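Report on the structure given below.
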Amino acid sequence: MEKHGDQIEVTEREASNKPRGPHNVRIVLAASLLLAILTMSIVWIIPALS
């Protein structure tokens, strides 16, 4: 980032909001969703069987 008077210049990489490394956010979200569904199903099904 460089400042020229009142103007600030940034590179494309600095301006983008992309993660720099490989982040597996989709995998984590999918696993969390499946775990939550499984847990809620178990909590609902076990008492229904008794």
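The structure-derived value of Kirkwood radius over Cα pairs in Å appears in the list (i) 15.3; (ii) 11.7; (iii) 15.0 under the label (i). Per residue of the chain, the DSSP helices (runs of n ≥ 4 H) give a summed -39500 (n - 2.57) that works out to -19000 deg cm²/dmol at 222 nm.
Output the 0 to 90 degree angle, nearest 10, between the alpha-carbon long axis of helix 25-49 and the longest principal axis computed from the alpha carbons of the chain. Helix 25-49 sits roughly 20 degrees off the main axis of the chain. When only the Cβ of Lys, Arg, Asp and Glu is charged (+1, +1, -1, -1), the dipole of the chain relative to its Cα centre reaches about 340 debye.
Readers should treat all values here as calculations from the given coordinates under stated rules, not as data from a laboratory. Since the structure is predicted, the reported quantities are computational estimates derived from the model, not experimental observations. In this analysis, Cβ positions are derived from the backbone assuming ideal geometry, glycine residues included, and neighbour counts consider all displayed protein chains.
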